[in-house]
Amino acid sequence: MQPYEQLLADLMAEDERIVVMTAENRAALRTLPEVVGDRFIDVGIAEQTMIGAAAGLALRGRIPIVHALSTFLVYRAFEFVRTDVGIGRLPVKLVGAVPGFLSDGNGPTHQAVEDIALMWGIPDMGIFAPADEDELLEGLPAVIAAPEPYYIRFIGFPGRVAHTEPFALGTSETLSEGDDVAIVSYGFCVGLAVEAARLLSEAGIGCRVVNLRTIAPLDREALLDACELPLVVTIEDHFLHNGLASILAGILMEEQVVANVLPIGLPTWFRPGTLDRVLEHAGFTPAQLADRIRQRLES
Amino acid sequence: MTDDRIESLRATALAVREHIVRMSTDGGCFIGASLSCADLVVFLYEEFLSIEGPDDPDRDLLFLSKGHDVPALYGTFVELGWMAPERLGSHLDPADHVYWHPNRSVPGVEFHSGSLGHLLPVAVGVAMDAKLRGESRRVVVITGDGELDEGTNWEALLVASAHGLDNLTVVVDRNAFQANMRTEELVPLEPLEDKFAAFGATARRVDGHDFAALAEVFDALPYRDDGPSVVIAETVRGKGLPSIAERADRWFVNFTHDEVEALLGELHGEGPADLTSDTLVVR
């Protein structure tokens, strides 16, 4: 079994409340079905029914971990997530596949670049956006054990980031220190941020890189600390509006803090292609990110 | 079913209808759909479902997906002794939770509803859980007929059938109306039995106001051992009040106290109430 499904199998062996569901997305669940038997439930291509049924299972004491591509999980079934899981405050864990840039060649129908906006809008909904598979595996037990519903931006790449701190919900991780710029990011983009910071440090620009890990609960303190540096950069494979940049703007308004912020995100759906070419076209390679940050510092 | 039992159920249903009528003022309620399913809800709780009380851990589970009928549900809860009658008086008081749709702050409500096409999917999950645990618990969902326009009901039936959920029963309150008009004039639903059959569910049709007939079709459940059963209960929107029955403009109403008194008289066989309040067709 792959590490993700091995972890699920281990957690399911320890806790019989856990059931794993999918709307026929088995990319990360190849072998698990035969291992866990009836506690693997595939409803077919029916995301709304899957979320409703997950709410029903949770109502009866289960912890359903449900799988679909992020777009169909979060957008097609949004009203079921909001109305059944959200209003019901039920511990359903929503695992969204290929979020953000990871949908690479699929095109805009499959681009979850509004997912943070929607999930942030549901009270008590947690959002876990691991930077790599290692963090996904380290954080998942806490996410599953939490009484709240959670949306998880799935990532299957191991070893993208050298993690520095043990995982905790609502606590960010500082990956590097520096006094000139703070880069705040989550999920897949954290790896890009780390690389951009390395390029900047080679040019004598000190970067603090903050990996948020969970967007909800949010490490507000780390964000406000970052705002004390001369420049704060948010990097996300999400629309510029209603993602991390907007969340930060709201915090600055609430706290009456003035900060110099460079928001890097997507103005609209990105041009599909292979991942490396997507990043290049969208201006998200580490070199392009470093250039934008340097230009902003020089302006 | 004995004649005495039928009389007793009728008396309870009449009391529930009185509660419904009393909730049709000071903000109003969805009176027509509540009156259509009052007999059904009373029958299910009094005769069919195995429930010692709202906290009974082994209880059968009923989900009211057509949330507008909540006065019928709460009225029944009052008659069962699960809900203090005074609480109906706090209808639409934000300090309590008694409003136009059911919610779990009222003991006995299994899950909130209001958005149509939700509780059949939710009940699929509940029925799956009962199967996983090897329980004999029955899971019942009451839907409206207009509610069947929502695709998620049919999606959920496909899934229920695929998973062999013979512990799931869908009860359609077939009052032939949706909000503003007759269902068959907007998006025709018939032939419903054929539609359910095509989705892997077996349906039977019954007079939803005839307690003896209801007992017969519910006693015969489940209708198949490889998927859900459906009871299509033919009912009359506004049943019990000729001045309201089968009137498209008596969907949501907000009557004066005098009109409520007149309607209570009408329930007890007095002449038709003289209703002059504007009725709100769309809510």
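What follows draws every value from the coordinates through simple rules; no lab data is involved. As the structure is a prediction and not an experimental result, all values here were calculated from the model. Quick reminder, even Gly has a Cβ in these numbers, built from the backbone with ideal geometry, and neighbours come from all protein chains shown.
Of all beta bridges DSSP finds with both residues in the protein assembly as shown, what is the antiparallel percent, to the nearest 5? Here the share of antiparallel DSSP bridges comes out near 10 percent. A helix-only calculation puts chain B at -11000 deg cm²/dmol for mean residue ellipticity at 222 nm, using -39500 (n - 2.57) for each DSSP H run of at least four residues, averaged over all residues. Database remark: amide H of B:VAL171 closer than 5 angstrom to the amide H of B:VAL141, B:ILE142, B:THR143, B:VAL231 (H placed geometrically; neighbours at sequence offset of 5 or more, or on other chains; Pro and chain starts carry no H). Of the peptides A:214-220, A:26-32, B:136-142, the order by per-residue mean of other Cβ atoms within 10 Å, starting with the highest, comes out as B:136-142, A:214-220, A:26-32. Between A:ARG89 and A:GLU138, the FRET efficiency from the beta-carbon distance, with R0 = 30 Å, is close to 0.70. In loop segments of the stretch B:8-112 as defined by DSSP, the GluC sites (Glu not before Pro) with at most 14 further C-beta atoms inside 10 Å of their C-beta are B:GLU52.
Rounded to the nearest whole Hz, the Karplus-based 3J(HN,Hα) values (6.51 cos²θ - 1.76 cosθ + 1.60, θ = phi - 60°) of the stretch A:71-83 follow the sequence 4, 6, 5, 8, 9, 4, 9, 3, 5, 6, 5, 5, 7, with x at glycine and proline.
Treating only the Cβ atoms of Lys and Arg (+1) and Asp and Glu (-1) as charged, compute the dipole magnitude of the protein assembly as shown about its Cα centre; round to the nearest 20 debye.
Charge dipole, the protein assembly as shown, about its Cα centre: 980 debye, nearest 20.
Checking the a/c ratio against 1.5 first, then a/b against b/c, what shape does the Cα gyration tensor give for the stretch A:173-298? Note, shape of the stretch A:173-298 comes out oblate.
Given Cα pairs under 8 Å that are at least 6 residues apart, what percent is the relative contact order of chain A? If you can, show how the numbers build up before the last one.
Numbers: 612 pairs, mean separation 44.1, N = 299.
In percent, rounded to a whole number, it is 15.
Each other residue within a Cβ distance under 15 Å of B:ASP93 adds +1 if Lys or Arg and -1 if Asp or Glu, for a net charge of -1. The protection proxy used here, the mean number of other Cβ atoms lying within 10 Å of each residue, ranks peptides B:267-276, B:24-33, A:266-275 as follows, highest first: B:24-33, A:266-275, B:267-276. Shielding by partners for peptide B:126-136, expressed as the average number of C-beta atoms from other protein chains within 10 Å of each residue's C-beta, is 5. Residue by residue, the stretch A:257-265 carries 3J(HN,Hα) couplings of 10, 9, 9, 8, 10, 10, x, 10, x Hz when phi is fed to the Karplus relation 6.51 cos²θ - 1.76 cosθ + 1.60 (θ = phi - 60°); x denotes Gly or Pro. Can you say what percent of the DSSP beta bridges in the stretch B:3-267, counting only those with both residues inside, are antiparallel? Round to 5. So the antiparallel bridges in the stretch B:3-267 amount to around 10 percent. Among B:ASP249, B:ASP226, B:ASP129, the residue with the largest mean-square fluctuation in a Gaussian network model of chain B, with springs joining Cα atoms closer than 10 Å, is B:ASP129. Take every pair of alpha-carbon atoms less than 8 Å apart whose residues are at least six positions apart; their mean separation over the length of the stretch A:173-298 yields a relative contact order of 27 percent. Would you please classify the overall shape of the stretch A:3-153 from the alpha carbon gyration tensor, given that a ≥ b ≥ c denote the square roots of the eigenvalues, rounded means a/c under 1.5, and beyond that prolate means a/b larger than b/c while oblate covers the rest? The shape class here is rounded.
For chain B, averaging the sequence separation of C-alpha pairs within contact (under 8 Å, six or more residues apart) and dividing by the residue count gives a relative contact order of 22 percent.
When the Cα gyration tensor is reduced to axis lengths a ≥ b ≥ c, the ratio a/c is 1.5 or higher for chain B, and with a/b above b/c it is classed as prolate. Please name which of A:ALA28, B:VAL217, B:TRP100 has its Cα lying farthest along the dipole of the protein assembly as shown towards the positive end, using unit charges on Cβ (Lys, Arg +1; Asp, Glu -1) and the Cα centre as origin. About the Cα centre, the residue reaching furthest to the positive side is A:ALA28. Counting only other chain Cβ atoms within 10 Å of each residue's Cβ, the peptide A:59-71 averages 3.
Within 12 Å, Cβ to Cβ, of A:PHE78, how many net charges do the neighbouring residues add up to if Lys/Arg are +1 and Asp/Glu are -1? Kindly include the intermediate steps, with their values, before the conclusion.
On the way: positive: A:ARG76, A:ARG82; negative: A:GLU47, A:GLU79, A:ASP84, A:GLU114, A:ASP115.
Charge balance near A:PHE78 sits at -3.
When the charge dipole of chain B is built from unit charges on Cβ atoms (+1 for Lys and Arg, -1 for Asp and Glu) and taken about the Cα centre, the candidate among B:VAL236, B:LEU119, B:ILE51 whose Cα reaches farthest toward its positive end is B:LEU119.
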